1. From the Cα gyration tensor of region A:294-362, with a ≥ b ≥ c the square roots of its eigenvalues, which class applies: rounded if a/c is under 1.5, or else prolate if a/b is larger than b/c, or else oblate?
2. Report Rg (one decimal) and Dmax (nearest whole number) for region A:485-574, counting Cα atoms only, units Å.
3. For region A:125-167, with every protein chain kept in place, what is the accessible area per residue (1.4 Å probe, Å²)?
4. Summarise the accessible area of region A:125-167 (1.4 Å probe, protein heavy atoms) by the percent that is carbon and sulfur.
5. Please compute how much accessible surface disappears when A pairs with B, both sides summed, using a 1.4 Å probe, and round it to the nearest 100 Å².
6. With every protein chain present, what accessible area does A:HIS331 have (1.4 Å probe, heavy atoms only), rounded to the nearest 10 Å²?
7. Charges at C-beta only: +1 for Lys and Arg, -1 for Asp and Glu. How large is the resulting dipole of region B:6-98 about its Cα centre, in Debye rounded to 20?
8. Just list whichever of A:LYS386/A:LYS543; A:LYS203/A:LYS240; A:LYS536/A:LYS577; A:LYS326/A:LYS386; A:LYS295/A:LYS326; A:LYS203/A:LYS287 have alpha carbons separated by over 21 Å in the model shown.
Amino acid sequence: MGPQSALTDFLASHNISANQIRLDADARRRAAENEQDDANNQSNDQASVASIASAAPTPAVSADSAPTTRGRRAAAATLRDEEARKKEQKAIDKIKASKKFQKRKRGIDSEDEDDLARALMGRAAPLPGQQENCENCGTRFTVTAYSRSGPDGGLLCGPCSKELAKEDATKKKKSKKVTGGAVGKRRQLQSNILDGTYSLGAKSLMTLCIETLSKNIDLAEDLGDLPPSIVDKIARKLSKHRLLDSRTLSLFLQPTTDEVRVYDGAKLGSDDFIRIFQTVPGLKKLKVRNGIHFKDQVMDYLMSRHIELEDLYLHGANLVSEAKWKEFLQHKGHALRSLRIYFTDRHVNDELLSVFAATCPSLTRLKISHNQEVTGAGVAAIGDIKTLRHLSLDLRNELHSDVYVDLLSKIGAQLETLSLTRVRKANNTVLDAIHKHCRALVKLRITESDEMTDAGFVRLFRGWANPGLVFVDLQKCRQLDSARPRENPDGIGLCSNGFRALMEHSAKTLRDLNVHGCRHIEAAAFEDVFRADSSKVYEAMAKLEISFCEEVTDFVVGSVFRSCPDLRELNVFGCMKVRDVRVPRGRILVGVPNARGMVIEGDDDDDGDDDE
Amino acid sequence: MADSKYITLVSDGGFEFVVLREAALVSPTIKGMLRSQFSEAQTGRCEFPEINATVLEKVVEYFYYWYRNRDKEDVPDMDIPVEMCLELLMAADYFNLDAKPALRNMA
């Protein structure tokens, strides 16, 4: 025995003999070959056996071919023939049953299946370990279990197999994209419903075109003279796919336009923002979301130009410092009509708000969202902006109700929009102030108040001189007590009577109502409000959110659909008493607590969810 | 002339497309043209000299695609050739084939 290999040594230490393994493998291989030879009905002559491949003669064969007398030999020959024929028949039957045979058969006239079976048998692939010529390139290679067969049934060498695998992979990928599968389709459908982009029937041609365009945006050099509304749609689509970068931004910068909307500026640098001001000299309205690189230097550039922005929407630009903001307001504030600032944690503070009244004589819309710095003093300063029509605050600091009461007494009279998001501590005095001062409100949002009571809401809506509201969002104005969640002795939050009063006040005009999580509105109140009665029709109602209102039942949902003829979407997440409702055609009910989660119904629903 | 089931759309260069009226009505523009007081309503023939034939053909294809799928959920997207995407977009704007081919128009 020569020197042992490391592997053999290692195996030996684990009581495994490499030699034994080799012998076993050889024996197996030989046995397999013999079987194959038999099946192939090769003559049992030793000579012919020896001529096949490299197989050694087996004991069984050599025994058979031992010299005998002529008669015995003849008898043995017929017996052998018989046996061989039987064996062949068996093998043919076996092959006929195999998948490969069935596949081949499909293309061929089934006239002589036996011939085909024989043909297949004759080409039985060599076993792993043997040498074979590659069908494709002709090189000699060792057959392994991973060798693939080529188009004509022969085996392929390693490199050729790899090529084939690559081709297959691309083919598979392509076909996958086309179908998406039943699950993928359904998932997409549900996702569309939740996005509110669902509609029955085909997509509009515009949508189809815009989708195609956004997929191939790298081919576009210029959007030509498309109308601004379409350009905006393309911008939205691109941002959705996060495709807006320095290059694609140029498509939207037309020197003649006065409006630029960057829905996703995450990939844009400061220079790109500066480029906006360079190429669009007549810019009036600018919207930037995720504008992280909208920094001081961009502000500096903006101030150095003759651009008078009327509308600025900045989202996530928290690198603009407080000093720059002030400077901006002092230089450019006079033209500003609308300013919306989101996620600018540090630098938009009380001091800045105090500057507005003096610097922005025509500001009508102010929105400050996700802000950690502004406190009561800042909000009080907003009261000095007499031109304000739309006010929206989403502050992290919890302010006392008096701040809001004071604010409303100053500017409440002309306010059209009042949006107070997450005002934990705001109480009934705020509602009373709204009742007393507001006369032009169209949109009202007060969310997550723990203090306001049902009686307060009743006082607000009953006999209110304000015309009907169009948009109301009172979500999560409810009592929260983890110890006794069901009881609400003080009537905290929007409850039955407040809800009744609201619906009475704005019955004709209300288009969008959100009472998400107002848990103490009773079933009786819902039934009252959505009674089957000609006086209780809410013609304008298009979207209604009543999720987590525990008392909502199938009956209530049915009544809602009856009394809101124009309702498109109804949300009922967490309404556990909604079980099985018939949804009218074209309406959407979202969030039914069952496995399907949402129901859409068409009357002739023959290609609904149930096929596939 | 009583309303025929079909109308004729004529593109730049005089190519004519005979289209099922109901399918073509997805476009508010065509719907407007076919209102009674216009000559198009009498002849059932709408001329679009500023739209080229290949684009109009694709638009007509869309009319039928929409018509076939108008009641279906989960409709496979129609294939839009990339090279005519922008032109088609202009045409879509012209024909007012904007978002949501209104449900209520069908009813």
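The values are calculated or read from the model by the stated rules, or taken from the named source; none is laboratory data. Keep in mind it's a predicted model, so treat the numbers as computed, not measured. Cβ sites come from the backbone with ideal geometry, for glycine too, and all protein chains shown count toward neighbours. Each accessible area value is taken on the protein alone, full model and side chains, heavy atoms only, with ligands, DNA and RNA left out. Shrake-Rupley method; radii C 1.70, N 1.55, O 1.52, S 1.80 Å.
1. rounded
2. 12.2, 36
3. With the other protein chains kept in place, region A:125-167 gives 63 Å² per residue.
4. Working: 1440 of 2690 Å².
Carbon and sulfur atoms account for 53 percent of the accessible area of region A:125-167.
5. Chains A and B together bury approximately 2900 Å².
6. 100 Å²
7. Computed charge dipole of region B:6-98: roughly 480 debye.
8. Long pairs (Cα-Cα over 21 Å): A:LYS386/A:LYS543; A:LYS536/A:LYS577; A:LYS203/A:LYS287.
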